[in-house]
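Computed from the coordinates by the stated procedures, all read-outs in this text should not be read as laboratory data. Since the structure is predicted, the reported quantities are computational estimates derived from the model, not experimental observations. A quick note on method: Cβ atoms are made from the backbone with ideal geometry, for glycine too, and the neighbour counts reach across all protein chains shown.
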Amino acid sequence: YYFQIRPAELMDAAWKSRSASFRAPHVVSVLKCTEDIERLFQSEVLSLDDAESRAHAFCHALDVADACLDMASFSVALCVVRALTSPPIARLRQTLARVPGRYRERLARFEALFLVKAAAEYHSMLQHTKPPFLPALPIHLGELSLLHDKMETVQRRRFVNVAKMEAYTATISSILRFRTQRFLFRPNMMVAQFLEGAPKGEPERGHAIS
């Protein structure tokens, strides 16, 4: 899906429009995949019955995030962090109390990377990462949405807003930079089948557990 994204799909918040499936089909597919992965990690923690087991699953998820970061899979690492900081898990006080300090520090580093100061640390890391890598698309889409909402495309009904177009170009180029080289990726069917059969998440049950 990432490789098939067209630059036009990333402009004018096409992925949020009523015709998103037509205007930005590959962006929509990527977002659905990231949401499924996020729900998977959240469910893996919430589905366990005791705090000790949930703490172990919490730590394992952070180990996965670390491995993804080593492989420059920023997308999956962000999914894990968003799952572990989601309200249903954040309210599990007894579980979090059993998480070792080094893992809590690790989560804090991930939050600093992705979730604070406009993800400045992530952008710096991405800038120095060579392909292949998978960008954390939701972060970039948030920035593009802000551009779309705060800056007019046409000024005074006659003039194209060049500053907005340049900002679009810079952001979209940073997202699609991983396509500057071609790589042969082979799908892992075992992982794909696992994700397809993963629990979809039950918000009400999650809130009840937490």
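Scanning residues 5 or more positions from Ser73 or on other chains, those with amide H under 5 Å from its amide H are Leu134, with H placed 1.01 Å from N in the peptide plane.
Over region 1-147, calculate the relative contact order: mean separation of alpha carbon pairs under 8 Å at least 6 apart, over the residue count, as a percent. It comes to 25 percent, rounded to a whole number. Working note: Karplus 6.51/-1.76/1.60 with θ = phi - 60° gives region 6-21 the couplings 8, x, 4, 5, 9, 9, 6, 6, 4, 6, 9, 7, 5, 9, 4, 5 Hz, where Gly and Pro are set to x.
In terms of its alpha-carbon gyration tensor, region 63-106 comes out oblate; a/c meets the 1.5 threshold, while b/c is at least as large as a/b.
Counting only residues at least eight positions apart within a chain, or on another chain, the lysines with an alpha carbon under 20 Å from that of Lys117 are Lys150.
Derived scalar couplings between HN and Hα for region 136-144 equal 7, 4, x, 5, 5, 5, x, 5, 5 Hz in order, rounded to whole Hz, by the Karplus curve 6.51 cos²θ - 1.76 cosθ + 1.60 (θ = phi - 60°), x for Gly and Pro. Given a Förster radius of 22 Å and the C-beta distance between Arg93 and Asp63 as r, what FRET efficiency does 1/(1 + (r/R0)^6) yield to the nearest 0.05? Result of the calculation: an efficiency of 0.50. Within region 73-153, the proportion of Cα pairs with more than 21 Å between them is 39 percent. Go ahead and collect, in residue order, the members of region 71-87 whose backbone nitrogen is under 17 Å from a label point 7 Å along the Cα-Cβ direction of Met125. Within reach of a label on Met125: 71-85.
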